[in-house]
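Input: a single structure, listed below in structure tokens.
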Amino acid sequence: MQEVIPYGRQDISQADIDQVIEVLKSDYLTQGPMVPRFEKMVSEKCGADFAVAANSATSALHLACLALTVNAGDIVWTSPITFVASANCALYCGAKIDFVDINPRTYNLDANKLALKLAAAEKTGTLPKVVIPVHLAGKPCDMRAIYSLSQKYGFKIIEDASHAIGGRYVDQPIGNCQFSDITIFSFHPVKIITTGEGGMALTNNSELFARMQLYRSHGITREPSELILKSEGAWYYEQQELGFNYRLTDIQAALGISQLSRLKKLIEMRHEVAAAYYDLLHSLPLVLPQTDPEDYSAFHLFIIRLKLAEISISRLEVFNRLRKKNIMVNVHYIPVYRQPYYQKFNFDKADFPEAESYYSSAITIPMYPGLTADQIEFVAKELSDALQG
Ligand SMILES: *Cc1c(COP(=O)(O)O)cnc(C)c1O
């Protein structure tokens, strides 16, 4: 029986385990010193002023929308080729969601289509309050173009960088929020670094920071300077908004701190896997991920597209043949508007031809730091065989 090769997996070191055990032996399992330490380390590494850790990127996306006062009556736009959480955060706030078709080269929200859609929306009074570009697979979006459109049309930007911590855009770290209001990271085990479950929101805006902190913990504050009423004693706290419990634990933060110290190395290892794939796959009837000189992808995923016109086998057949060999290929993602829950919004697939074409031909092949040269060669050989039909 051939060993199972997943499409992604975590990399846990002995140091990671030791740091988590330290916290288990300490006074605080949650709300101790580790979460602020983790926040400080991530914000410093990424060049943002503030960071708010949360129990998932989904929660962090919700916090970001709450901080930006997304409400019923507001409109949020994102890419259709993303995990559902990038769109659901708008629905949690009662807002409307819409999608901007992807760029056929990068598979990210297309800045030119965004410009056209904004011009049309301006005429009908349906401009978005927030746009959420997603750095798919770790490949940065065209943030300069999106930012300049935000200046023209007055929308806010949340970067869903769930795939992209450690990546760079125009030689700056993803997360510095140079071209956005808030950037979100995910620390789910398949992502670049992990805390088990976890996420973070980064910003350079102190008000957004304060609001995200407030909403993370029930809308409650104890800060004397922030109180609305008069303090009644040292026990006193105030609930000022309807918040949530979206806190990360110190156990998780300790794992995150330890993982973060290996971030550069983990991404270099992903680049080595990518280099091996480019080498082994370049002559097959495939479109391999595009790279650009001013980007440094985090390579969360390695997404290939089948050149369907050049082969006599379907995507489903290629996928099934690889799965049969215990190569746990996947598809990222089903366009969000195709989900049953989204049917009630009456999206028309014909409005998203690039997302549809992408979805019909994409396969995610295994990509993670511990993937061995033998495993990479095995994947390449099985893929090559499968493409021959
Ligand atoms: C994983 C992911 C999320 C959600 O992350 P969680 O930490 O699992 O909540 C959101 N957006 C994208 C693009 C993701 O890949």
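Rounded if a/c is under 1.5, else prolate if a/b is larger than b/c, else oblate: which is region 163-275, with a ≥ b ≥ c the root eigenvalues of its Cα gyration tensor? Prolate shape, in that a/c is at least 1.5 and a/b is the bigger ratio. Region 77-126 and region 368-389 have their alpha-carbon centroids 35 Å apart. Summarising the strand pairing of region 148-277, around 75 percent of its internal DSSP beta bridges are antiparallel. Each residue of region 367-375 was assigned a 3J(HN,Hα) from its phi angle through the Karplus curve 6.51 cos²θ - 1.76 cosθ + 1.60 (θ = phi - 60°); the sequence is 8, 6, x, x, 5, 8, 4, 5, 5 Hz, with glycine and proline shown as x.
Result for the chain in a Gaussian network model with C-alpha springs under 10 Å: among His332, His300, His218, the largest mean-square fluctuation is at His218. Pairs from the table (Lys191/Lys307; Lys96/Lys156; Lys139/Lys191; Lys129/Lys152; Lys40/Lys129) lying more than 18 angstrom apart at Cα are Lys191/Lys307; Lys40/Lys129. Loop-located chymotrypsin sites (Phe, Trp or Tyr not before Pro) in region 145-245 (DSSP state other than H, G, I, E, B) with a sparse environment of at most 14 neighbouring Cβ atoms within 10 Å: Trp235, Tyr236, Tyr237.
Residue by residue, region 238-247 carries 3J(HN,Hα) couplings of 10, 8, 10, 9, 8, x, 9, 9, 10, 6 Hz when phi is fed to the Karplus relation 6.51 cos²θ - 1.76 cosθ + 1.60 (θ = phi - 60°); x denotes Gly or Pro. Zone of Ala275 (label point 7 Å along Cα→Cβ, backbone N under 18 Å): which residues in region 346-386? Answer for this model: 367-377. To the nearest ten degrees, helix 250-260 and the longest principal axis of the Cα atoms of the chain are 50 degrees apart.
The HN-Hα couplings worked out from phi for region 29-34 by the Karplus form 6.51 cos²θ - 1.76 cosθ + 1.60 (θ = phi - 60°) are 8, 9, 6, x, x, 6 Hz, whole numbers, x standing for Gly and Pro.
Subtracting the Cα-Cα distance of Asp351 and Gln388 from their residue separation scaled by 0.36 nm leaves 10.0 nm.
Of the listed residues Met41, Met367, the order by accessible area with a 1.4 Å probe, largest first, is Met41, Met367. Taken about its Cα centre, the chain carries a charge dipole of about 580 debye when Lys and Arg each add +1 at the Cβ and Asp and Glu each add -1 at the Cβ. Of all stretches in the chain that contain no trypsin sites (Lys or Arg not before Pro) in a DSSP loop with at most 15 other Cβ atoms within 10 Å, the longest one is 106-221. With the simple spin-label model, which puts each label point 7 Å out from Cα in the Cβ direction, the Trp235 to Glu310 separation comes to 7.3 nm. Using a 7 Å offset from Cα along Cα-Cβ at Glu294, what residues in region 160-204 end up with backbone N under 12 Å from the label point? Within reach of a label on Glu294, which here means backbone N under 12 Å from a point 7 Å along Cα→Cβ, region 160-204 contributes 169-172.
Positive-end ranking of Ile267, Ile257, Val190 along the dipole of region 126-283, with charges on Cβ about the Cα centre, is headed by Ile267.
Modelled this way, with points 7 Å down the Cα-to-C-beta line, the labels at Leu242 and Ala210 are 2.3 nm from one another.
The values are calculated or read from the model by the stated rules, or taken from the named source; none is laboratory data. Here the structure is a predicted model, which is why all the values come from computation and not from measurement. Because the Cβ atoms are built from the backbone with ideal geometry, glycine has one as well, and the counts that use them run over all protein chains shown. What goes into the accessible areas is simple: the full protein's heavy atoms, side chains included, and nothing from ligands, DNA or RNA. Shrake-Rupley method; radii C 1.70, N 1.55, O 1.52, S 1.80 Å.
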